[in-house]
1. With respect to the cross-link table entries 17/102; 45/102; 172/239; 7/58; 17/203, which display a Cα-Cα separation exceeding 20 Å?
2. Ranked by Cβ crowding within 10 angstrom, fewest neighbours first, how are 231, 148 ordered?
3. Once you order the gyration tensor axes a ≥ b ≥ c over the Cα atoms, which shape class does the stretch 156-255 get: rounded for a/c under 1.5, otherwise prolate or oblate by comparing a/b with b/c?
4. Among DSSP beta bridges whose residues both lie in the stretch 9-209, state the antiparallel percentage, nearest 5.
5. Counting other Cβ atoms within 10 Å of each Cβ, which GluC sites (Glu not before Pro) in the stretch 1-100 have at most 11 and sit in a DSSP loop?
Amino acid sequence: MGTTREKGSLYTKIDGKAATVEFGHPASNSFVAELLDRLTAELQKLSENDTISVIVLKSEGDRAFCAGASFDELMAVSNLEEGKVFFSGFANVINAMRSCKKVIVGRVQGKTVGGGVGLAAACDYVFASVDASVRLSELTIGIAPLVIAPAVERKIGKAAISELSLSPTEWKNAYWAKENGLFSKVFDNIDELDKELEFFSQKLSNYNPEALQEWKKVLWEGTDHWNSLLIERAAITGKLVLSEFTKNALTKFKK
């Protein structure tokens, strides 16, 4: 059973040298601002925890991995500052994942949309199920995937992010995501995924933690400017969300 909490849930479980961080929300594991802030803080805390060297990021249940930003909170944005703050939530999580000293392994068990695709892209290695289709639906509501684009493009390249974002109503299947570098491995079912994921993360966590940390820095080379870039992108998205187009689209969507 998933959480019923309106503000979502976040749990961390440490097993040996691997920490599992699990987020959940009743609306298809979407993110309210408070949950994004909590996830950012948790990743920053785990980054400094010397007893672990790997983080597994997962969401609740066996259906959607993440439906992106909370629709209700999107609709509630009423001025530029609120818009910037709201979209900075995903910017802060991606930056926390990027600068985290631990390798982050993602578990994507089902469909993922918008900001959820950004989260998957900011992981260092991703296990996915065959049901893990992806979609960047932002253009359909009058915004664009500006905040997550650097993370997604770093993984799949400009051509694939163009293909994904410019057909915002179209789902791409898990094998498309794997061929384009978003997913590392795809499994036929969740049981198989979880078995392999546990084996992989335990093995990875037993390698030299200093080597893992130094290697992660290399994997993320050239992204230091994201601290300011993603916040600038959040401000632009905040402006777009206030447009007449977006307000109408969100209202229609809600109905």
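Just so you know, all these numbers are worked out from the coordinates, no wet-lab data involved. Just so it is clear, the structure is predicted and the values come from calculations on it, not from any experiment. FYI the Cβ positions are ideal-geometry reconstructions off the backbone, even for glycines, and counts take in every protein chain you see.
1. 172/239
2. Final ranking by Cβ density, sparse to dense: 231, 148.
3. Details: a/c = 2.45, a/b = 1.50, b/c = 1.64.
Since a/c reaches 1.5 but b/c is at least a/b, the shape of the stretch 156-255 is classed as oblate.
4. Around 30 percent antiparallel, to the nearest 5.
5. Of the GluC sites (Glu not before Pro), the ones in loops of the stretch 1-100 whose Cβ has at most 11 other Cβ atoms within 10 Å are 48.
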